[in-house]
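Report on the following structure.
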Amino acid sequence: MPTRQAETTWHGGTDGSGDFDTESGAVSGTLRFPTRFEDEPGTNPEELIGAAHSGCFSMQFTAFLEEEGYTADQIHASADVHLERAEGGGFEIPRIDLTVAAEIPEIDEDTFDELAERAKANCPVSKALAGPEITLAASLEG
């Protein structure tokens, strides 16, 4: 299996910025403290974690569905990554809320819920982020 790589080069202090790139070149951007802790436009590490987690969950869910003979018409997953001040200083991510709404022909609610929970527990990003609580709200639509 390949190793994936990304890098960031930071310039200056907390008033500076960091440019990040992924090995593939598909994702790149600039990080600044105001985009992380204020409402300034731009990305931040937590948003990127959310993108990785919702994408990983969707892919794992798709694989589990296909193993059971189902093909989703659509899976929409989001990850709300909570950044909070930590006791004793600094910041932490105490919780990630995954939400999924999917259209899957002929699946019953119990099978849907079981496969969604399995995907949450088994996607590699969930495993990497096992420190924070990861919640899931799943709804079968259509």
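When the charge dipole of the chain is built from unit charges on Cβ atoms (+1 for Lys and Arg, -1 for Asp and Glu) and taken about the Cα centre, the candidate among Pro132, Gln60, Thr111 whose Cα reaches farthest toward its positive end is Pro132. Computed over the chain, the P(r) curve from all C-alpha pair distances, binned at 5 Å from the origin, holds 2, 9, 16, 18, 17, 15, 10, 7, 4, 2, 0, 0 percent per bin.
For the range 69-142 and the range 35-60, what is the centre-to-centre distance using only Cα atoms, to the nearest Å? Spelled out, the Cα-based centre of one part sits 14 Å from the other.
A viscosity of 0.890 mPa s and a temperature of 25 °C, combined with the Kirkwood radius over C-alpha pairs in the Stokes-Einstein formula, give the range 78-142 a diffusion coefficient of 186 µm²/s. Here each label is just a point 7 Å from Cα along the line to Cβ, and for Gln5 and Phe33 those points are 3.0 nm apart.
Between Met59 and Arg85, the simple label model (points 7 Å from Cα in the Cβ direction) yields a spacing of 3.8 nm.
Helix 109-122 and the longest principal axis of the Cα set of the chain meet at an angle near 40°.
Working note: Debye formula, equal point scatterers on the alpha-carbon atoms of the range 31-83, no solvent; log10 I(q)/I(0) at q = 0.13 Å⁻¹ is -0.44.
Just in the range 76-113: which GluC sites (Glu not before Pro) are loop by DSSP and have at most 12 other Cβ atoms within 10 Å? Walk me through the intermediate numbers first.
On the way: sites: Glu84, Glu87, Glu92, Glu103, Glu106, Glu109; in loops: Glu87, Glu106.
Here the sparse-neighbourhood loop sites are Glu87, Glu106.
With +1 on each Lys and Arg Cβ and -1 on each Asp and Glu Cβ, and nothing else charged, work out how big the dipole of the chain is about its Cα centre, in Debye to the nearest 20. Write out the running numbers ahead of the final one.
On the way: 8 positive and 29 negative charges, 137 e Å.
Using only the charged Cβ atoms, the result is roughly 660 debye.
Coordinate-derived values only; no laboratory data. These figures come from a predicted structure and were not determined experimentally. Positions of Cβ are backbone-derived with ideal geometry, glycine not excepted, and every protein chain shown enters the neighbour counts.
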